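Participant: The structure's right below; bear with me while I get my questions together.
Read the figures in this text as sums done on the coordinates, not as results from a lab. Since we're looking at a predicted model, the values are computed, not measured. Every residue, glycine as well, gets a Cβ built from its backbone with ideal geometry; the counts of neighbours run over all protein chains shown.
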Amino acid sequence: MSNNDLKVRVWRGSQEGEFVEYLVPRNPNQTVLDVVTYIQRKLDPTLSYRFACRVGMCGSCAMTVNGVARWTCRTHVSKILQGNSLEIAPLNNLPVIKDLATDMREFFNKWKGAVGFFKGDKTRYDDFTKVQPNSEERQLADAGIECIGCGVCYASCEVVESRPNYLGPAALNRAWTLTNDVRDVQQLERMTAVAGDAGCHACHSQGSCTEACPKAIAPTASIAGLKKLVARAAVRGSKWGKL
Amino acid sequence: MSEGVLQAKLWYAQRISAMVLGLCVAIHLGIIFYAIRGGLTAQEILGRTQGNMLFAIFYEIFVIACFVHAPIGMANILQETFPKSGLAKPIAWLLALLILILGTTSVIGVFTGGAI
């Protein structure tokens, strides 16, 4: 061990488990994912974690590092180091399968629950729908469209923590982008699905999702958009009908 | 009506009542600053409020806005804090009725000067 070594506490186990400390040599430009990979390759091959692209495209390496949910591949150790120790845990608000890998089924099922998928009514024989890039709907959809489903917002959300049936920021953000997709034909079903306390109206607007999102998306703003749209549709009706 | 749609309507009601409350609280504070210029006595207050229909209407609107706004918020807090207790609805209704009855009684009280 050199004085330069990092003291890394890593969650081992599933729902029940404990933090185990490893000593990892410091390297320049080292990312948290490098640290986890070092532990698995050199110190303990039984460590389970998930990653794929290593460059912030796939969204699979998110973990809780020093208490904050982040992409480990895009987090430099030097930026977040407290003294010379790191604490790496699985994402919050999701069941842990083993060590740093969480079961994300519920997270993605909630996207389905929020009708977070596209359905059009055109066939291959129809002409393309023309969507102006500067139209209001397109601009609103653009603001949230870059989500890659990493689960960082979901793990950072206090409402998900207190209301396990809450759809969560990622699913609602997706619902909002589709609400602004003029080609989609499931608007009423989607609004019904995201209405109320299991959906957008449970959001406290605390903004933890927005603060944590590595893609700088603002799910809080998307949810605020849904709240207004859906409540209006319930009371006064919308261009697609009344809820 | 689905539970979600009902909650969306309640949210809307809470938003609208919040707007009314914002205005009412501002006017209410203004009235307080105005009213305490020369000291604060029951006689002085009743002298201004008794028989003043504008005053009564304003404060009844204030009471109704509270009646709508506070119980919805209370129900939300209870539902999130004690999700399985079933307390949210009964306590919210109790609070709603208390606000409406006590609020309206006091508006009538200062309007009539306690004659009823």
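Participant: Which of the residues belonging to the stretch A:25-45 are under 15 Å from A:Arg12 (Cβ atoms) and without any contact (Cβ under 8 Å) to a residue 40 or more places away in the chain?
Facilitator: Scanning the stretch A:25-45 gives A:Ile39, A:Gln40, A:Leu43, A:Asp44, A:Pro45.
Participant: Also, quick follow-up: Select from the stretch A:75-97 the residues that are in contact with a Leu (Cβ under 9 Å, 6 or more places away or on another chain) and buried (at least 17 other Cβ atoms within 10 Å of the Cβ) and list them in ascending order.
Facilitator: A:Thr75, A:Val77, A:Leu86, A:Ile88, A:Ala89, A:Pro90, A:Leu91
Participant: Also: Given the criteria assigned to a loop (DSSP other than H, G, I, E, B), surrounded by 16 or more Cβ atoms within 10 Å (Cβ to Cβ) and aromatic (Phe, Trp, Tyr), does A:Phe107 qualify?
Facilitator: no
Participant: Can you pull out the residues in the stretch A:190-243 that are of a type in the set (D, E, K, R) and within 14 Å of chain B (Cβ to nearest Cβ)?
Facilitator: A:Arg190, A:Asp197, A:Lys227, A:Lys228, A:Arg232, A:Arg236, A:Lys242
Participant: Within the stretch B:75-115, track down each residue that is under 19 Å from A:Gly196 (Cβ atoms) and out of contact with any helix residue (DSSP H, G or I) (no Cβ under 9 Å at 6 or more places or on another chain).
Facilitator: The answer is B:Lys84, B:Gly86.
Participant: In the stretch A:173-206, what residues are among the aliphatic types (A, V, I, L, M) and not in a helix (DSSP H, G or I)?
Facilitator: A:Val182, A:Val185, A:Ala195, A:Ala198
Participant: From B:Gly51, B:Gly103, which residue is more than 14 Å from chain A (Cβ to nearest Cβ), on the phi > 0 side of the Ramachandran plot and not charged (D, E, K, R)?
Facilitator: Exactly one of B:Gly51, B:Gly103 is more than 14 Å from chain A (Cβ to nearest Cβ), on the phi > 0 side of the Ramachandran plot and not charged (D, E, K, R), namely B:Gly51.
Participant: Say whether the condition of being outside any loop (DSSP other than H, G, I, E, B), more than 30 Å from A:Gly113 (Cα to Cα) and within 14 Å of chain A (Cβ to nearest Cβ) is met by at least one residue in the stretch B:62-79.
Facilitator: Yes - at least one qualifying residue is present in the stretch B:62-79.
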